[in-house]
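See below for the structure under consideration.
The values are calculated or read from the model by the stated rules, or taken from the named source; none is laboratory data. Remember, it's a predicted structure, so these values are computed and weren't measured experimentally. Don't worry about glycine lacking a Cβ; one is built from the backbone with ideal geometry, like all the others, and counts go over all protein chains shown. The accessibility values were calculated without ligands, DNA or RNA, using every heavy atom of the protein model including side chains. Shrake-Rupley method; radii C 1.70, N 1.55, O 1.52, S 1.80 Å.
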Amino acid sequence: MVAFFQSLHKTLAAGVVLLIALIILVGLISGQFIRFDHDWGTFLVRWLHIMTGVMWMGLLWYLNFVQTPTVPTIEPPEHRAAITKYIAPNVLFWFRYSALATVIFGLLLAGMKGYIVQALTFQRPAYVIGIGMWLALIMAFNVWFIIWPNQKKVLGIVKASAEEKAAAGRLAGMTSRINTMLSIPMLYCMVAQQNGGL
């Protein structure tokens, strides 16, 4: 059992199998099975939007609450290279692609629900989710076009002088903090639209 859960792929596959088993079990108990229609498709896209969003926000907050404040305290300093060589590149891979997937699923969901134009142009009744969508779009832009290009310099993926690396690190760090700030109202607006928070 321990060996099974040491594999991320096996763990994820087990999660999907467990989900399918629960769906079947609930269907058997309730007599209501999934109908593969537009409503269920919309639900599936919403679930994928939430799943990828949890990964994106989790990694954003990991970077800002854990990694960034902790790395400078690692002693001896040469041990910090383990973060920049192994952990940070993997974090940034999942970070940027979960941001992309969250935006794609969110826009797809808004299209499927028929409010994409109203939301993006701040029209009633979708202006609150529109605010959240624009904040998320700004954050995703920051990930792909500011944070990632600068982190490539910091991590040595792109050649840069010591001064360029330092400047890139400051810009990526500041932009990541801006995204952390934006995540608070963005998440509020996403939830507020359906739950009367504004």
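With respect to the chain, whose longest principal axis is taken over its alpha-carbon atoms, helix 8-30 is tilted by about 20°.
Quick one: angle between helix 88-113 and the longest Cα principal axis of the chain, in degrees between 0 and 90, rounded to 10, please. Value to nearest ten degrees: 30. Annotation: per residue accessible area for region 1-154 equals 64 Å², rounded to a whole number [probe 1.4 Å, protein chains only].
How much length, in nm to one decimal, is gained on full extension between A14 and W144, taken as 0.36 nm per residue of separation minus their Cα-Cα distance? All intermediate terms of the calculation are to be shown ahead of the outcome.
Working: separation 130, 0.36 × 130 = 46.80 nm, distance 3.16 nm.
Separation in residues times 0.36 nm, less the Cα-Cα distance, equals 43.6 nm.
Counting protein heavy atoms only, region 78-198 has 68 percent of its accessible area on carbon and sulfur, 1.4 angstrom probe. Rg/Rh for region 39-198 stands at 1.05; both radii use Cα atoms, and Rh follows the Kirkwood definition.
With only Lys, Arg, Asp and Glu charged, each at its Cβ (+1 for the first two, -1 for the last two), find how big the charge dipole of region 1-149 is about the Cα centre; round to the nearest 20 debye.
Dipole magnitude for region 1-149 comes out near 160 debye.
Comparing G53, G111, M1 along the charge dipole axis of region 1-154, the residue lying farthest to the positive side is G111, per the Cβ-charge model.
Fully extending the segment from N90 to E78, taken as 0.36 nm per residue of separation minus the present Cα-Cα distance, adds 2.4 nm.
A straight Cα-to-Cα reach below 17 Å connects K153 with the aspartates and glutamates E163, E164, residues fewer than 8 places away in its own chain not being considered.
Taking the convex hull of the alpha carbon positions in region 85-139 and averaging its projected area over all directions gives 3.8 nm². Helix-only arithmetic for the chain: the sum of -39500 (n - 2.57) across DSSP H runs with n ≥ 4, divided by the residue total, places the mean residue ellipticity at 222 nm at -24000 deg cm²/dmol.
Among rounded, prolate and oblate, which fits region 1-69 when a ≥ b ≥ c are the square roots of the eigenvalues of its C-alpha gyration tensor, a/c under 1.5 means rounded, and a/b larger than b/c means prolate? Kindly include the intermediate steps, with their values, before the conclusion.
Working: a/c = 3.55, a/b = 1.51, b/c = 2.34.
Judged from the Cα gyration tensor, region 1-69 comes out oblate (a/c at least 1.5, b/c at or above a/b).
Using only C-alpha positions, report the orientation-averaged shadow area of the convex hull of region 58-152, nm², one decimal.
Values: hull surface 27.1 nm².
Result: 6.8 nm².
Between the Cα long axis of helix 127-142 and the first principal axis of the chain there is an angle of about 30°, rounded to the nearest 10.
For the peptides 160-167, 140-147, the ranking by mean Cβ contacts within 10 Å, running from highest to lowest, is 140-147, 160-167.
Straight Cα distances below 17 angstrom link K85 to the aspartates and glutamates E75, with same-chain residues fewer than 8 positions distant left out.
Separation of region 81-109 and region 125-187, taken as the distance between their Cα centroids, equals 12 angstrom.
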